[in-house]
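Here the structure comes first, spelled out in structure tokens, and everything after it is commentary.
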Amino acid sequence: MNDRTHMQQAKRMPAPPEGLAGRLKETAKGLWSLVVGLGVTGRVFTQKQDTVHYPRVTVPETALEGYRGHIELVAKDEDPHTARCIMCMRCVKVCPSGCITIKSKKIEHVEHKEQDPDPNTHHNGGLQPLPKQSVPRPGKGKRELTKFQLDYSLCSLCGLCVQTCPASSLRHSKHVYWAGFERKDFTLDLLDRMHRQAEAKEES
């Protein structure tokens, strides 16, 4: 780097204040910044604190407005033990952390179709015809959710799974009291959690 470059950089730098008036001006600006900072600190210090002594005191639900905890399953309105999840796997595909695991099983069922009996077959001495018979036939299988696992140690709380769910079966929980000593302590079975929540509501 030559002398000419040094001269160009020196021209771009602001010139220091000259004389007593300039120094007093800079000192006043610094003192004003200090007063403003202390004012903000003092105002926050005198406000009511939200810190609670857990577990002796818990945070009320009203104070958790806007809080986004780990995701949880949303149950159907008509059946609190059944999740709205349709097992489309969109949440698994969109998750950037790969922290969601879903398993399901296919339920085979048989549909029954009413069929007229043979008109030549009678009973009770041939006076009354037989009623219609229920004939089984294969029906379209359904899937049942058996596992919905969340590895919260990997979750970044981005909310993409909640946003992309077409059935609105996911939401952010208000679960703030969560601590553990091992990584496995932060692996949740959301299906089991939904069942326990439904049982707690039924008992209350």
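Annotations
- Leu150 among the aliphatic types (A, V, I, L, M), within 11 Å of Leu73 (Cβ to Cβ), touching a residue at least 12 places away in the same chain (Cβ under 8 Å) and out of contact with any helix residue (DSSP H, G or I) (no Cβ under 8 Å at 6 or more places or on another chain): no
- One residue stands out among those in region 169-204 that are polar (S, T, N, Q) and within 11 Å of the chain's Cα centre (by Cα): the one that is farthest from Lys76 (Cα to Cα), which is Ser173.
- Filter result (outside any loop (DSSP other than H, G, I, E, B) and closer than 20 Å to Asp151 by Cβ) within region 40-95: Ile71, Glu72, Leu73, Ala83, Arg90, Cys91, Val92, Lys93, Val94
- Output for region 175-194, where each listed residue is buried (at least 16 other Cβ atoms within 10 Å of the Cβ) and over 19 Å from Lys105 (Cα atoms): Phe186, Thr187, Leu188, Arg193
- Residue match in region 16-31 (condition: modelled with pLDDT under 80, out of contact with any helix residue (DSSP H, G or I) (no Cβ under 7 Å at 6 or more places or on another chain), farther than 30 Å from Tyr177 by Cα and of a type outside the set (D, E, K, R)): yes
- Count - residues of region 160-204 that are over 23 Å from Thr62 (Cβ atoms), touching a Leu at 6+ places or on another chain (Cβ under 6 Å) and either assigned to a helix (DSSP H, G or I) or without any contact (Cβ under 8 Å) to a residue 40 or more places away in the chain (or both): 3
- Checking each residue in region 165-174 for being at pLDDT 90 or above, surrounded by 11 or more Cβ atoms within 10 Å (Cβ to Cβ) and either touching a helix residue (DSSP H, G or I) at 6+ places or on another chain (Cβ under 7 Å) or at positive phi (or both) picks out Cys165, Leu170, Arg171, His172.
The values are calculated or read from the model by the stated rules, or taken from the named source; none is laboratory data. What you are looking at is a predicted structure, and each value in this text was computed from that prediction instead of being measured. In this analysis, Cβ positions are derived from the backbone assuming ideal geometry, glycine residues included, and neighbour counts consider all displayed protein chains.
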